[in-house]
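The structure under discussion appears below in the form of structure tokens.
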Amino acid sequence: MSAVSTLPESPAHPLPAELVADVDRLVDADTERLIDLFKDIHRNPELGFMEVQTARLVELNLQNLGFDITKGIGTTGIAAIYRNGDGPVVMYRADMDALAVQEETDVDYASDKRVRLEDGTEVPVAHVCGHDAHVTWMLGMAHALLNLKDRWSGTLVLIGQPAEEPITGAAAMVDDGLYNFIPKPDVFIGMHTTPLPVGTVVSSPGTRMAGTDQLDILFHGVGGHGSMPHLAKDPVLMSALAVTEYQTIVSRMVDPQQTAVLTVGAIAAGSTNNVIPATALVKANLRWFDPAVRTVMLEAIEAVSDGVARTYGMPEDKLPEIIMKGGSSPLINSPELSAQMATSLAAVIGDDRVITDMPRTTGSEDVQILKGPYPDMPFNYLLVGIADPEVFAAAAARGLQAPFSPHNPNYLVDLSAIGYGTKIAAYAMLGLLARS
């Protein structure tokens, strides 16, 4: 199933100036179409595992270029393969999902979409993490590479991944048999927007992002009338006390020299003022680099939750339930590949535009889970600046690290980043493929 690999000893190698010029020419000619595509995706965001329209758009665009398509992997995931002779198998991933956030930008293509969830609640939906740009970059890169197919050889494997935000989409694709449909990649890369100025690319080695867990803690109680709390067992109070106690876990149970984050993002309980409900649901999120720290936090959450419930008289068969909803390991860039790609990209865009020493972040990803049964697969994750340079400079002058952050209602991919990011994706892929 796999093409014959001719992956060089140094997988990322410099691009000839003529090839760079051809990429630039093709992407520049395609930029108007790509911006229209980006705006369409931005106007029509979809939550994780609901990316039907976005997946269809990916499918049609790649099918029209001659890719072999497998759809519906992990519900809405897409795998596309293009074989172009002997050479390495290079995999590239773009995530497709949006977030339940109300967009607050003033662009004329801002999202006004709302969606009803399974529990009946209605939420706004917006691309405030740049996944709309990720999809556009991948499709633009594919268009450029197929127009230059006489200049490279190997196999392209392009992945449209669902549900990165809940950290469940990559695992869903692997569990649904991704590697029954694609050849084993020789090398794997991904790209993500970052609120640095357009023109900036980060290719930094080693551990880049934290591991994460999404978990719900369901507190059971005994419902009753708000005027007679002594006849009830109040799960709202239990959850409130537990949330307060959770905040002591990092400060008093984790080694201060370790990194740990424990965030409660939501508490859901009851529906009216004068009724004590029977349950309360706490939604928590963990970030960690050391698996031992993860174990400390999970065990402590269980101990705190059980302790509070027992204090308020709950029997052993009604102690809080902990539901693990999804998670990911720390994201680690292969040091040699990261360095080689940094050198290759710097030769094209300039040393001053490639950052190789970015501090690691407690943000998380699940892209690396797509390695599936091949954990030693060479992997590198690039960050591509998408902020208007003038907007970024103005924010820096006010002492801010960036003008906005991912998941912020004002997160805005400058339109100049659409063509630029497509070029970076094309340079990166061509640097990994065999060339005559």
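The set of residues in region 114-163 that are touching a residue at least 24 places away in the same chain (Cβ under 8 Å) and basic (K, R) comprises K149, R151. Among the conditions (1) out of contact with any His (no Cβ under 8 Å at 6 or more places or on another chain); (2) surrounded by 15 or more Cβ atoms within 10 Å (Cβ to Cβ); (3) not in a helix (DSSP H, G or I), V384 misses just one, which is (1).
Could you grab me the full set of residues in region 202-234 that are within 30 Å of L337 (Cα to Cα), touching a Leu at 6+ places or on another chain (Cβ under 7 Å) and part of a strand (DSSP E or B)? Those that are within 30 Å of L337 (Cα to Cα), touching a Leu at 6+ places or on another chain (Cβ under 7 Å) and part of a strand (DSSP E or B): V202, R208, M209, T212, D213.
The residue pairs whose first member lies in region 86-113 and is not assigned by TED's automatic domain parsing to the domain that holds P45, whose second member is hydroxyl-bearing (S, T, Y) and surrounded by fewer than 18 Cβ atoms within 10 Å (Cβ to Cβ), and whose beta carbons are closer than 7 Å, counting only pairs six or more residues apart or on different chains, do not exist in this structure. Here region 303-322 is the region considered, the condition is being in a loop (DSSP other than H, G, I, E, B) and touching a Gly at 6+ places or on another chain (Cβ under 9 Å), and the residue that is surrounded by the most Cβ atoms within 10 Å (Cβ to Cβ) is M314. Within region 356-369, residues that are assigned to a strand (DSSP E or B) reach partners that are crowded, with 23+ Cβ neighbours inside 10 Å and of a type in the set (A, V, I, L, M, F, W, C) with beta carbons closer than 9 Å, at six or more positions or on different chains, in the pairs T361/M209; T361/A210. So how many residues does region 261-312 have that are hydroxyl-bearing (S, T, Y) and within 19 Å of S329 (Cα to Cα)? Here the count works out to 2. So is M377 part of a loop (DSSP other than H, G, I, E, B) and of a type in the set (A, V, I, L, M, F, W, C) or not? Spelling it out, M377 is indeed part of a loop (DSSP other than H, G, I, E, B) and of a type in the set (A, V, I, L, M, F, W, C). Right, V27: modelled with pLDDT of 95 or more, touching a Gly at 6+ places or on another chain (Cβ under 9 Å), assigned by TED's automatic domain parsing to the domain that holds L412 and surrounded by 15 or more Cβ atoms within 10 Å (Cβ to Cβ) or not? Taking the combined requirement at face value, the residue satisfies it. If you go through region 63-89 and pick out every residue that is out of contact with any Lys or Arg (no Cβ under 7 Å at 6 or more places or on another chain), buried (at least 21 other Cβ atoms within 10 Å of the Cβ) and within 23 Å of E165 (Cβ to Cβ), you end up with 6.
Against the condition outside any strand (DSSP E or B) and surrounded by fewer than 17 Cβ atoms within 10 Å (Cβ to Cβ), how does P185 come out, does it pass? Walk me through how you get there before you give the answer.
Values: outside any strand (DSSP E or B): yes; surrounded by fewer than 17 Cβ atoms within 10 Å (Cβ to Cβ): no.
Taking the combined requirement at face value, the residue does not satisfy it.
Select from region 109-159 the residues that are outside any helix (DSSP H, G or I), in contact with a Phe, Trp or Tyr (Cβ under 6 Å, 6 or more places away or on another chain) and under 21 Å from V20 (Cβ atoms) and list them in ascending order. Even if it seems obvious, please write down each step before you answer.
If we filter region 109-159 for residues that are outside any helix (DSSP H, G or I), which is where we start, we get 109-130, 148, 152-159.
Retained after the next criterion (residues that are in contact with a Phe, Trp or Tyr (Cβ under 6 Å, 6 or more places away or on another chain)): 128, 156, 158.
Selection gives L156 alone.
Here V413 fits the description: among the β-branched types (V, I, T) and surrounded by 23 or more Cβ atoms within 10 Å (Cβ to Cβ).
Of all residues in region 346-386, those satisfying the criterion of being under 21 Å from A163 (Cβ atoms), in contact with a helix residue (DSSP H, G or I) (Cβ under 8 Å, 6 or more places away or on another chain) and of a type in the set (V, I, T) are V367, I369. For region 213-242, filtering for residues that are crowded, with 18+ Cβ neighbours inside 10 Å and of a type in the set (V, I, T) leaves 1.
Filtered by the rule that a residue be in contact with a helix residue (DSSP H, G or I) (Cβ under 8 Å, 6 or more places away or on another chain) and closer than 13 Å to H143 by Cα, region 38-65 gives V58, N61, L62, L65. Per the conditions (1) touching a residue at least 12 places away in the same chain (Cβ under 8 Å); (2) within 29 Å of the chain's Cα centre (by Cα); (3) outside any helix (DSSP H, G or I), the sole criterion not satisfied by V243 is (3).
Name the residue, out of R398, R435, that is touching a His at 6+ places or on another chain (Cβ under 9 Å) and either charged (D, E, K, R) or not assigned by TED's automatic domain parsing to the domain that holds D175 (or both).
Details: R398 fails: touching a His at 6+ places or on another chain (Cβ under 9 Å).
From the options R398, R435, the qualifying one is R435.
Hey, any hits in region 178-201 for a residue that's farther than 18 Å from M358 by Cα, in the same structural domain as Y420 (by TED's automatic domain parsing) and among the acidic types (D, E)? Write out each step before concluding.
To start, the set of residues in region 178-201 that are farther than 18 Å from M358 by Cα comprises 178-188.
From what's left, in the same structural domain as Y420 (by TED's automatic domain parsing): 178-188.
Subsequent filtering for residues that are among the acidic types (D, E) retains 186.
Within region 178-201, one or more residues are farther than 18 Å from M358 by Cα, in the same structural domain as Y420 (by TED's automatic domain parsing) and among the acidic types (D, E).
The values are calculated or read from the model by the stated rules, or taken from the named source; none is laboratory data. Since the model is a prediction, treat every value here as computed from it, not as a measurement. Backbone-built Cβ (ideal geometry, glycine too); neighbour counts: all protein chains shown.
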